[in-house]
Every structure is written in structure tokens, then in C-alpha cells.
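Comments concern the structure below.
The values are calculated or read from the model by the stated rules, or taken from the named source; none is laboratory data. Given the structure is predicted, the values throughout are model-derived calculations rather than measurements. Please note: Cβ atoms are built from the backbone with ideal geometry, for glycine as well, and neighbour counts cover all protein chains shown.
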Amino acid sequence: MGQRLKFMRKYWPLYVLSIPGILYFALFRYIPLLGSVIAFQDYNIFKGMWDSPWVGLYHFQRMFQYSDFLLILKNTVLIGVYDLVFAFPVPIILALLLNELRLVVYKRIIQTVVYMPHFLSWIIVGGFVVGVLSPSTGIVNKLIGLFGFEPIYFLGEESYIRTILVGSGIWKDSGWGTIIYLAAIASINPDLYEAAEIDGANRFRQIISITIPCILPTIVILFLLQIGNFLDFGFERVFVFLNPLNNQNGEIIDTYVYRAGLVERQYSFTTAIGLFKSVVGLLLIVIANRFSKKVSGEGLY
């Protein structure tokens, strides 16, 4: 105990610097967890959390008996799988391509261009995508018209909404995702590349045999974090594209929680849904972490 106090006295400035972060997580992450108790109550906003009657697992039973919830869960899982399969590898590929650029000025320009969409809000991105895909004035339908085909109302058909959601996310965030991978690539010992060149390895072979294996721990960590957020696709990202015509395939848990919880005031029911989503995310990340440690030896803990 005395040694620990001595250590804290020695590095007290670091502990002081950590106080804002600790307060943030305490106020906005841990204390709100107490509100999860209303998932087991018939919560009344006027009676409050302490006086609302307890109903046990009623809202969880209702959740699985509600046919619309099963459809929404299916949409969330499918969109999450598409995002994991198609969007996750894009920053890795983009980072590898950027790393191969030798003209520094050109490399900086490309990096700036691919980073910029990340700083746009989803409202702006949604307006941009709607304009591009417009059946009357959108550039995509203009190109389709040049080949003699009829315009397509992309946001008015259920079959396109998932592609639009995943594709817009790739355009917005793939450039920003390259930052961590480029930092990992920059930490690779240059001697490895020199030795590979002496052995006659070309650039592609160096990427396969040196770059990718060296950044594999980073890829695994980010993949596990992505697994943990598998059902947390993002409210704003989906809400800006939803309309009655594509709602059947586009609505996810987050948008349904907003509609049922805030608009229809079903607080206990939507809290149960949110708690279910959090538990599933925790289980997924624990299972994925164990599997990763057995296969690659890398994990979050």
C-alpha cells in the first residue's frame, strides 16, 4: 500500500489529467446504467423510477413476441454483416494503397480528400446522397438514362436501402479509418523491406509477406471492437435515409427505439430492447476475443 501511495505521489500530475476522463465516463457511461432498471418496470414518468410498479421480464417477453421486432432485428443483423464484410476491409486496402504512394505532395492531397467526408454530419451526407440518387436530377439516373434505361427511385425501393446505407458509410468513414492503419504501417522496421528487396521480393510480395502480418494485431483489435458494436449501426446514419417506402428493409433497432421510446413513449419496452442489444454486443465481443486468441494469439484482453 505504501509503495502504491509513493507511486501516486510521484506521478500525481498524470492522475490529475485523468480526472476529466474519469468524470466523463462516470457521469455519461456508468451512472446512466442505473436507468436500465426501468426495463423491469411499468415505468411511469410521473411516478419515477422508485415508485413505478415492477413487472419482471414482461417487456422482454413482449419484445420477442412482437413480430415487427423480429423483422427489425433481422434488418439490424443483415446490415451489420454487410458493414462488417464490405466496409471493414476498405480502410485496410486504402491504407496499403496510400502507403505505396511515393510522391509526398500527391499522397497528402489524396489523404486530405479521403479524410474530409468524415467531418460532414449525416444530415449533409444524406442530402448529398439523396441529390446524387434523385430520379429526376441525380447524376446516377442521368447516366442510366444515357444507356436508354428508365430512372430508378433508389430511396423509394426496399431492395436498395441496405446497399445505400453501407455504401454511404464506406464513403464517409473509410478515409478516417486509415489513420490507425497508416500509423501501424509507419512503425514497421524498414530493415524488413530492405531485406525483402535483396531477396528479390516485389512491392506486392512485400505487402503480403511483411506489411499485412505486421499490422495484423491492429486489424484484429479493430475487428473485435467492430464486433462489439455489431448491433450498434448508428441512429443518424439510418434515420436520414428512411421513408415509408423503404422502412421495411431499412429500419434498425436504434431507429425503432427512437420511434417507440421517444415518439410513442414506451420507455420500459425500449429500455428492454436497448439492454438486450448491449448484452448481445458484450457476448459477441467475449466470444470473438476468445476465438481470436486461440487462432491468432491476439485479443483485447
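Restricting the first member to the range 277-301 and to residues that are part of a helix (DSSP H, G or I), and the second to residues that are among the polar types (S, T, N, Q), the beta-carbon pairs closer than 8 Å and six or more apart or on different chains are G281/N229. Report whether or not G200 is among the small types (G, A, S), over 30 Å from G299 (Cβ atoms) and modelled with pLDDT under 90. In short, yes. Taken together, G56, G35 contain a single residue that is under 26 Å from Q266 (Cα atoms) and in contact (Cβ under 8 Å) with a residue 40 or more places away in the chain, which is G35.
Restricting attention to the range 62-80, which residues are at pLDDT 90 or above and polar (S, T, N, Q)? Across the range 62-80, the qualifying residues are N75, T76.
Here the helices (runs of 4 or more DSSP H) wholly within the range 106-220 that include at least 3 residues being charged (D, E, K, R) and loosely packed, with under 14 Cβ neighbours inside 10 Å are 190-198. Counting the residues of the range 18-42 that are polar (S, T, N, Q) and under 20 Å from G274 (Cβ atoms) gives 2. Under the condition of being within 30 Å of F46 (Cβ to Cβ) and at pLDDT below 85, the residues counted in the range 229-259 number 0.
Screening L245 with (1) surrounded by 15 or more Cβ atoms within 10 Å (Cβ to Cβ); (2) in a loop (DSSP other than H, G, I, E, B) gives one miss only, at (1). Collect the residues in the range 53-105 that are among the β-branched types (V, I, T), surrounded by 14 or more Cβ atoms within 10 Å (Cβ to Cβ) and out of contact with any helix residue (DSSP H, G or I) (no Cβ under 7 Å at 6 or more places or on another chain), keeping them in residue-number order. Scanning the range 53-105 gives a single hit, V77. So in the range 85-108, with the set limited to residues that are of a type in the set (A, V, I, L, M) and modelled with pLDDT under 90, which one is nearest to L216 (Cα to Cα)? The selected residue is L101.
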